[in-house]
1. Has the stretch B:365-387 got at least one residue that is among the basic types (Lys, Arg), within 11 Å of chain A (Cβ to nearest Cβ) and surrounded by fewer than 19 Cβ atoms within 10 Å (Cβ to Cβ)?
2. Using the structure shown, decide if B:Tyr393 is crowded, with 18+ Cβ neighbours inside 10 Å and either in contact (Cβ under 8 Å) with a residue 24 or more places away in the chain or aromatic (Phe, Trp, Tyr) (or both).
3. Please pick out the residue among A:Glu99, A:Glu136 that is buried (at least 19 other Cβ atoms within 10 Å of the Cβ), more than 30 Å from B:Gln127 (Cβ to Cβ), within 14 Å of chain B (Cβ to nearest Cβ) and modelled with pLDDT of 90 or more.
4. What's the number of the condition B:Pro85 fails, among (1) farther than 28 Å from B:Ala33 by Cβ; (2) without any contact (Cβ under 8 Å) to a residue 12 or more places away in the chain; (3) surrounded by fewer than 20 Cβ atoms within 10 Å (Cβ to Cβ)?
5. Applying the selection to the stretch B:410-427, what residues are out of contact with any Asp or Glu (no Cβ under 8 Å at 6 or more places or on another chain) and either under 24 Å from B:Gln485 (Cβ atoms) or of a type in the set (Asp, Glu) (or both)?
6. Among residues belonging to the stretch A:334-350 that are of a type in the set (Asp, Glu) and surrounded by 14 or more Cβ atoms within 10 Å (Cβ to Cβ), point out the one that is nearest to the other protein chains (Cβ to nearest Cβ).
7. Which of the residues that make up the stretch A:338-350 are closer than 25 Å to A:Thr305 by Cβ and in a helix (DSSP H, G or I)?
8. Checking A:Arg67 against (1) within 28 Å of A:Ala192 (Cα to Cα); (2) surrounded by fewer than 16 Cβ atoms within 10 Å (Cβ to Cβ); (3) over 27 Å from the mean Cα position of the chain (by Cα); (4) not aromatic (Phe, Trp, Tyr), only one condition comes out false. Which one?
Protein chains: 2
Amino acid sequence: MFETAKIGRTLSKAAYKAEEEELRTELLEAQIALREREIPVYVIIAGMEGAGKGEVVNALDEWLDARGMHIYAFWEETDEEKHRPQAWRFWRAMPRRGEIGVFFGGWYLSPIEQRFTGRWSDADLDQSMRGIRELERMLIHDGAVIVKCWYHFSEKEQRRRLKALERNDRSRWKMMPKKSKFSEQYQRFEAAAAQVVRRTDIGRAPWHIIEAADPRYRNMTTGRVLLREIQDALATAQHEDAAEAAPSSTDWDMLPQAPEARITLIDRVDLTQTIGKRDYRKRLADLQTELNELAWRAYAHKISTVFVFEGVDAAGKGGAIRRITQAVDARLREVISIAAPTDEERAHHYLWRFWRHLPRGGRMTIFDRSWYGRVLVERVEGFTSHDSWARAYLEINDFEEQLVQAGVVVQKFWLQISKEEQLARFKAREDTPYKRYKITDEDWRNREKWDEYREAVNEMLARTSVRHAPWNLIAGNDKKFARIQVLETITDALRDALKGRA
Amino acid sequence: MFETAKIGRTLSKAAYKAEEEELRTELLEAQIALREREIPVYVIIAGMEGAGKGEVVNALDEWLDARGMHIYAFWEETDEEKHRPQAWRFWRAMPRRGEIGVFFGGWYLSPIEQRFTGRWSDADLDQSMRGIRELERMLIHDGAVIVKCWYHFSEKEQRRRLKALERNDRSRWKMMPKKSKFSEQYQRFEAAAAQVVRRTDIGRAPWHIIEAADPRYRNMTTGRVLLREIQDALATAQHEDAAEAAPSSTDWDMLPQAPEARITLIDRVDLTQTIGKRDYRKRLADLQTELNELAWRAYAHKISTVFVFEGVDAAGKGGAIRRITQAVDARLREVISIAAPTDEERAHHYLWRFWRHLPRGGRMTIFDRSWYGRVLVERVEGFTSHDSWARAYLEINDFEEQLVQAGVVVQKFWLQISKEEQLARFKAREDTPYKRYKITDEDWRNREKWDEYREAVNEMLARTSVRHAPWNLIAGNDKKFARIQVLETITDALRDALKGRA
């Protein structure tokens, strides 16, 4: 979930200067239009301790016209508030139509704290998130725009920041915990935050996960997110025809223009990694032997597994999958290759075709392409509306959560190769008679959309990588290296699931 | 919630015959149109044991073209199903686009059973309902129509039926429990069902609570509900402009045409009830004395109260409220009269103005008219869209649930008088100088819409009367009798809330 906030995105001083003036002008224009159209805007500023949420609010305060903007912070409950239902404090603070309300933490602060401190169980948190979802949907139905920003960074960065704050003595964290304790706290907080973010990442009010390490990147991204969300809302409000007016901005559009601000997780995959031939043979044999045994044990304990393979064309999905099927008894596993839907599949909800193929107790299903098609090919090719794919992240997270709750082990693989490597493989396929069938005009067309896929992949990773069903980014330029990575991940996951069992 | 299923609605044989032919023709036409527009329809048949759900399904089977209809029953889980996530069995049974799937119990059967038997806590149920809401919203986003019917009747009727079933030896209830035990079971089942229905009564897939005592009424209503829901969906699908195509049928439209099938809860209020002058004085003095003391004790224990007064014009709300305020110290209570919203109120969500006035710990707020304006005057006068008021039932139930969860005592009063009595009071007001200000042209206009208000009131009572925030129907033709009823209800509620406290 928060991997995209640990990429190391920055924004140079020069680029910031260059973009700021235009942003301010556009923001003010948007604010005037908002007032005219009487659209209320809720901006929720939430995230890690020390991420600079206060500075973000200050930047917004500077950029926007103060007459149409209100800032609300929810610290300790007042007496007035304590004696009323919890939501009362928020209802007191609702912005008027045409105004922008900036909420420090919003209705998210207390639930995360309650979960983090262990006062709330998962079920308590769930119930609270259900309430928040209803509240937000209710406001959206009433014409509101809700912009939710989550500020995050790595453990190392947070540690550095909090130390600095400590020196300045402006912090509420007077005592830094010991390193191991700090680590444990960081992870516990992140887990609670991930639950909250995942459960409230609704299509019409998605979370924007913003890397907070670089203040210029952080502030500029916030400004652009707010601008784009308002512009989309204005476009919708101006059209009588709702279908035509669906939102058009993507996460990618909301990033600053400078290249250093647009690095993706995929760019961070080290594609130069390789493995020697002899090492490969040895590791492969070991891993396949172990996998065979693990698969039988999983069968005995009725632990089902679902493995999802996605990746750019010619990234080596087939080869990686074959190394699994070689090792697992044919009675225990099934490979489902997802191509264009059949008539029957088209006649149902898009998730229906995947539900059909779920493994029963103790079996393994390997999806060669999957439900992620909705937010990849269907999005990029325009086969489905913006609303549909924006809504799909939550639907997919819910779906996978149901699998995990039923005890299924879920691992997802994204196989990445460089653009040059893809070209080389395409050419090799064309030159090899028995591989020629594998390359089609469509592959070449997809290749032209390399950048659009990159954006879609990045958003997919950001919104659907969760602890219980993680994405594994596999460096695929060396096929052998990739296969070993996949097998290692799978055996680790199965070993974990079988821990403590006979 | 289920009061509307205990009214005693029937349908004569003649009326049934007369309506059936038209219904069948229209249903078949609708089914053909469905197929052309590729709209999938989910019909969920749920309700009390012995309510004749099977007979309803048989009727639908007879009326509809079997080629486009599938019936799914979910009895015991099969082995195949047990080893997969819970929702898998439902995903297997989804109707294709253009087809009608009839689900016995649907996804509601198991949650109600789990709660009824006590294996699930409230929180478990809540979590499950959250999942169902997401599932249904997902299907609706995908173009589906979900028609949810709940069959219900009184305890006496159920007892009679189950006995008959027992004699026929076709029942699963081989042994009838003893009467007191039966009562307890009936109430526990009803409570679990009410939780489920309330939490999943979403605007786009509302529950239809159908009185099941009379088989003809039950079947005909089901057929008409299905027909109207499909017709609405077809109208929506044919319009490009979603706003113009919003659903137009109301609960009322879905009832059979015969008068005996259209009796409302209000018709069942015995308006002839009166109280003698001497009795009135005595009771009034006793109740006001007790109320005064109870209000102080509630203050001491920080138990807040919210009382809602709605009713037809000139039903005597003001007089009833005055009898409360006379008894309660002015520092402890506030009367909020709701008229047309102010500019500031109009600039917020419609619930905002009510949140503002919630009492703090230990106080009493009396709303003279309330948030129910959205589903009464705003609905009848067309001040808000069909979608908005249809959505409002859930919003209102959520709102009141938040009050109750915060420990607030909530009681709602509907004051009813006959149309003749209203006319007499209007005339009396016009003839009395100091009362003339109370009567306006609007009152006369509202009077012309007597029947529309009756329908709106009936639906409001059906959808928002819940155990923790019940509606009390007050017979208002005799003002004194009405006031005593109100005071008795309020003192009972406060006494209950204070039970076991000093």
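1. The initial filter retains those residues of the stretch B:365-387 that are among the basic types (Lys, Arg), namely B:369, B:374, B:379.
Those left that are additionally within 11 Å of chain A (Cβ to nearest Cβ): none.
No - not one qualifying residue is present in the stretch B:365-387.
2. Spelling it out, B:Tyr393 is indeed crowded, with 18+ Cβ neighbours inside 10 Å and either in contact (Cβ under 8 Å) with a residue 24 or more places away in the chain or aromatic (Phe, Trp, Tyr) (or both).
3. Numbers: A:Glu136 fails: more than 30 Å from B:Gln127 (Cβ to Cβ).
Unique residue meeting the criteria: A:Glu99.
4. Result: B:Pro85 passes all but (3).
5. Residues of the stretch B:410-427 that are out of contact with any Asp or Glu (no Cβ under 8 Å at 6 or more places or on another chain), as a first pass: B:411, B:416-421, B:423-425, B:427.
Of everything in the stretch B:410-427, those that are out of contact with any Asp or Glu (no Cβ under 8 Å at 6 or more places or on another chain) and either under 24 Å from B:Gln485 (Cβ atoms) or of a type in the set (Asp, Glu) (or both) turn out to be B:Gln411, B:Gln416, B:Ile417, B:Ser418, B:Lys419, B:Glu420, B:Glu421, B:Leu423, B:Ala424, B:Arg425.
6. Restricting attention to the stretch A:334-350, the residues satisfying the condition of being of a type in the set (Asp, Glu) are A:334, A:343-345.
Restricting the remaining residues to those that are surrounded by 14 or more Cβ atoms within 10 Å (Cβ to Cβ) gives A:334, A:345.
Values: A:Glu334: 14, A:Glu345: 10 Å.
Top of the filtered list is A:Glu345.
7. A:Glu345
8. Of everything listed in (1) within 28 Å of A:Ala192 (Cα to Cα); (2) surrounded by fewer than 16 Cβ atoms within 10 Å (Cβ to Cβ); (3) over 27 Å from the mean Cα position of the chain (by Cα); (4) not aromatic (Phe, Trp, Tyr), A:Arg67 misses just condition (1).
The values are calculated or read from the model by the stated rules, or taken from the named source; none is laboratory data. Values in this document were obtained by computation on a predicted structure and should not be read as measured data. Please note: Cβ atoms are built from the backbone with ideal geometry, for glycine as well, and neighbour counts cover all protein chains shown.
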